[in-house]
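Report on one structure; see the data block that follows.
The values are calculated or read from the model by the stated rules, or taken from the named source; none is laboratory data. This structure is a prediction, so every number in the text was calculated from the model and none was measured. Every residue, glycine among them, receives a Cβ derived from its backbone with ideal geometry; neighbour counts consider all protein chains shown. Quick note on the areas: whole protein, heavy atoms, side chains included, nothing else; ligands and nucleic acids left out. Shrake-Rupley method; radii C 1.70, N 1.55, O 1.52, S 1.80 Å.
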Amino acid sequence: MAATTTTTSASFSRFSVISKPPSQPQFNLFNFPNRTESLNSRTGIDRFRCSAGDTGLFTKLGRLLKEKAKSDVEKVFSGFSKTRNNLSVIDELLLYWNLSDTDKVLDELEEALLVSDFGPKITIKIVENLREDILSGKLKSGSEIKEALKKNVLDLLSNRGSKTELKLGSRKPAVIMIIGVNGGGKTTSLGKLAYRLKNGGAKILLAAGDTFRAAASDQLEIWAERTGCEIVMAETEKAKASVVLSQAVKRGKQEGYDIVLCDTSGRLHTNYRLMEELIACKKAVAKVVAGAPNEILLVLDGTTGLNMLPQAREFNEVVGVTGLILTKLDGSARGGCVVSVVDELGIPVKFVGVGEGVEDLQPFDAEAFVNAIFT
């Protein structure tokens, strides 16, 4: 069903608001009265948490999202199958392990970790920790070495990137900016996040801040229809992204929206002009709501592996990234990059993309991830 278009009052005269017709079917991930049960049985979002400074909708949303677990674990397990297959050689190495083979086994284990893009620094740290525990007699069997390997990876993720819940603050609307390079899945990730939040009971407004790419607003408009959200978008081609986002947040504030999700122009981290635009966007929303944006989530293409690190460093230096969304990990055997990016930057991974479905943007949970890549 086509969306209807209306123009807002004078203060929003340069922007259009796309509203989904009320007859479009709704989906709900939670067990509210008179809502569908079939989707509830298939979809779990237990490990998706929101942290808020008040006890209102954000707290309720976080609690509801935290209650769903099993399906998410299954999706993460399935999504990391290629990385898991890459690392399955470790089981073969440890099956007939004995002390005299320690050096050979650890060399091959090191190679398996490197192939999966754990990175040299992380790999050496893990292997040397295992070597020390083996030679000291702490680890006496292949199964003990396997468990120690998993614990090493889990500790690295927990120590450097433990704050995986969304921070939505105490003022409404909460503002989340989505940033990243072209082709990484930025707008798609925003749409899937809107789906999760909307079906958790939040009133969501989308802001089409990607004014650089002509098709971006059309893409986000499609997501607005799919998710039942409204969208603020520029009507003129030369509109500044910062103005679009500012007007969207003003509308969100005036009309009682819970969360404003802001799309931004995809850019190479080496493009100084576009990176400066991000700073302007950040400042613009902060003028409307104190403390905004609550989250700046950087979308990174998981198929690029360790090549994502320079991008992440540059974006972080420019705007201060609060969390990462790693996409396309289901199509990659380089899942070890998750550990490397957390350890290198100290920025938590908040979501991982493990499929093309609307429900396949999964909240990141370190324990579930470790169990998914090491069977």
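Taking each of Lys186/Lys250; Lys172/Lys198; Lys104/Lys328; Lys203/Lys328; Lys125/Lys186; Lys167/Lys250 in turn, the alpha-carbon distance tops 25 angstrom for Lys104/Lys328; Lys203/Lys328; Lys125/Lys186. Remark: segment 351-356, residue by residue, has Karplus-estimated 3J(HN,Hα) of 9, 10, x, 10, x, 8 Hz, where x stands for each Gly or Pro and the curve is 6.51 cos²θ - 1.76 cosθ + 1.60 at θ = phi - 60°. Centre-to-centre separation between the Cα atoms of segment 338-375 and those of segment 92-151: 23 Å. Taking 7 Å steps out from each Cα toward its Cβ at Thr236 and Tyr96 produces label points 7.5 nm apart.
Would you please put 104-110, 137-143, 364-370 in order of how densely packed they are, using the mean number of other Cβ atoms within 10 angstrom per residue and starting with the highest?
364-370, 104-110, 137-143
The modelled label-to-label distance between Leu135 and Glu111, using points 7 Å beyond Cα along the C-beta direction, is 2.2 nm. Accessible area per residue for segment 251-375, computed on protein heavy atoms with a 1.4 Å probe, is 32 Å². Taking the 1.4 Å solvent-accessible surface of segment 159-276 as the whole, the part contributed by carbon and sulfur is 48%. Sorting Trp223, Trp97 by solvent-accessible area of protein heavy atoms yields Trp97, Trp223, largest first, with a 1.4 Å probe. Sequence neighbours fewer than 8 away in the same chain don't count; with that in mind, list the aspartates and glutamates whose C-alpha is under 14 Å from Lys121. List returned: Glu110, Glu111, Asp343, Glu344.
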